[in-house]
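Student: The structure's right below; bear with me while I get my questions together.
All of the numbers you see were taken from the coordinates with simple rules; none came from a lab. Just so it is clear, the structure is predicted and the values come from calculations on it, not from any experiment. Quick reminder, even Gly has a Cβ in these numbers, built from the backbone with ideal geometry, and neighbours come from all protein chains shown.
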Amino acid sequence: MKLGVNIDHIATLREARKINEPDPLMALNILKEAGADQVTIHLREDRRHINDFDANRIIESSFLPVNMECSINEEIIEIICKLKPHRATLVPEKREEVTTEGGLDILKNEKRVKNAIEKLKSNDIEVSLFIDPDFKQIKKANNLKVDMIELHTGKYSNLFLALNSNINHTPNQIYKDLDRKILKKELELEIKLLRDAAILAKDLGIEVAAGHGLNYQNIKNILEIKEISELNIGHSIIANSIFIGLKEAVKNMKDIILKYY
Ligand code: PXP
């Protein structure tokens, strides 16, 4: 199981002051030493954290493969083709959202997704699609001949949080008044959906990653799905690094992966 560490929020902290520290470039060596397998960054259309200069320096200097999350916006795809990361993961993007909410609907956006895939592949960039655990989406991903999909674990993470803490961070607190029994059932259903989606994708010959909202507590259920071969984790690792340092925070996540996978 590979661990991709999303370092966007190092740049989020820098942007709080709009100066030059902390510099996300400084994370690269630490990530490698701590056992991460990949660096993940998201060049958002509004450049709220990682900017073009960061992306360029990270891709030029990284010892680890760089996975770039990006929208299907044509201008962004042009930029990614010039930057030439190891892989591009196509994600949905709304300017007003706090973070990526829901997977990319590749049925609704088929033509734009197809164009983006063709462009990226012709520039020798591997392509992954960040989609919900939905059979129709996975079959479409297969038709589009992508190398990889990343299953959106946001709903799973929100349900886990609602069940295991008093915090409910979903956009409109949809789980707030749900009975614990119902929450438990919903959580089990979502895990089953993720498992079945991963099995289907693997049977179709597609590599399967997962990510969004994963943390040191909720990762274990996901590690039991053996068809998933990569996790991309950002917020939780960067949040922990404030207290224990980035190296320890990455290492602790990697240790859980090695123990349970
Ligand atoms: N994978 C994808 C495709 C994402 O968009 C994100 C969020 O940027 C992540 C993984 C990481 O999510 P988190 O920061 O919640 O760990």
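Student: Which distance in Å, rounded to a whole number, links the C-alpha centroids of the stretch 232-261 and the stretch 56-75?
Tutor: Each part's Cα centre sits 21 Å from the other's.
Student: Which of the trypsin sites (Lys or Arg not before Pro) found in the stretch 16-79 are loop residues per DSSP with 14 or fewer other Cβ atoms within 10 Å of their Cβ? Show your work: numbers first, answer last.
Tutor: On the way: sites: 17, 18, 32, 44, 47, 48, 57; in loops: 18, 44, 47, 48.
Those that pass, being in a loop and sparsely packed, are 18, 47, 48.
Student: For Cα pairs less than 8 Å apart in space and 6+ apart in sequence, what is the mean separation divided by the residue count of the stretch 1-137, i.e. the relative contact order in percent? Before the final figure, lay out the partial values.
Tutor: Working: 220 pairs, mean separation 26.2, N = 137.
Result for the stretch 1-137 is 19 percent.
Student: Counting Lys and Arg as +1 and Asp and Glu as -1, each charge on the Cβ, what is the dipole of the stretch 1-152 about the Cα centre in debye, to the nearest 20? Could you put the intermediate results ahead of the total?
Tutor: Working: 24 positive and 28 negative charges, 70 e Å.
I would put it at about 340 debye.
Student: Multiply the residue separation of residue 94 and residue 136 by 0.36 nm, subtract the distance between their alpha-carbon atoms, and state the gained length in nm to one decimal.
Tutor: Working: separation 42, 0.36 × 42 = 15.12 nm, distance 2.27 nm.
Here the answer is 12.8 nm.
Student: Right, here's the next one. In percent, what relative contact order does the chain have, based on Cα pairs under 8 Å that are 6 or more apart in sequence? Please list the in-between numbers first.
Tutor: Numbers: 458 pairs, mean separation 52.5, N = 261.
Contact order relative to length: 20 percent.
Student: With only Lys, Arg, Asp and Glu charged, each at its Cβ (+1 for the first two, -1 for the last two), find how big the charge dipole of the chain is about the Cα centre; round to the nearest 20 debye.
Tutor: On the way: 39 positive and 41 negative charges, 79 e Å.
Roughly 380 debye for the chain.
Student: Test of understanding: what is the full-extension gain from residue 124 to residue 143, defined as 0.36 nm times their sequence separation minus their Cα-Cα distance?
Tutor: Values: separation 19, 0.36 × 19 = 6.84 nm, distance 1.93 nm.
Stretched fully, the residue 124-residue 143 segment lengthens by 4.9 nm.
Student: Full extension from residue 189 to residue 108: what is 0.36 nm times the residue separation minus their Cα-Cα distance, to one decimal in nm? Walk me through the numbers on the way to the answer.
Tutor: Values: separation 81, 0.36 × 81 = 29.16 nm, distance 2.48 nm.
The span from residue 189 to residue 108 would gain 26.7 nm if fully extended.
Student: Place +1 on the Cβ of every Lys and Arg and -1 on the Cβ of every Asp and Glu in the stretch 56-134, take the dipole about the Cα centre, and give the residue among 122, 90, 80 whose Cα lies farthest towards its positive end.
Tutor: Farthest towards the positive end: 122.
Student: If you don't mind, another one. Would you mind checking 82/220; 2/114; 155/251; 119/139 for any pair whose Cα atoms are more than 30 angstrom apart? Intermediate values should be presented prior to the final figure.
Tutor: Working: 82/220 37 Å; 2/114 27 Å; 155/251 26 Å; 119/139 21 Å.
Where the Cα-Cα span goes over 30 Å, the pairs concerned are 82/220.
Student: Could you work out [θ]222 nm for the chain from helices alone, using -39500 (n - 2.57) per DSSP H run of at least four and dividing by all its residues? Round to the nearest 500 deg cm²/dmol.
Tutor: Details: 11 runs with 125 residues, N = 261.
Mean residue ellipticity, 222 nm, calculated: -14500 deg cm²/dmol.
Student: Looking at the stretch 60-151, which GluC sites (Glu not before Pro) are DSSP coil and have at most 13 other C-beta atoms within 10 Å of their C-beta?
Tutor: Details: sites: 60, 69, 74, 75, 78, 93, 96, 97, 101, 110, 118, 126, 150; in loops: 93, 96, 97, 101.
Within the stretch 60-151, the qualifying GluC sites (Glu not before Pro) (loop, at most 13 other Cβ atoms within 10 Å) are 96, 97.
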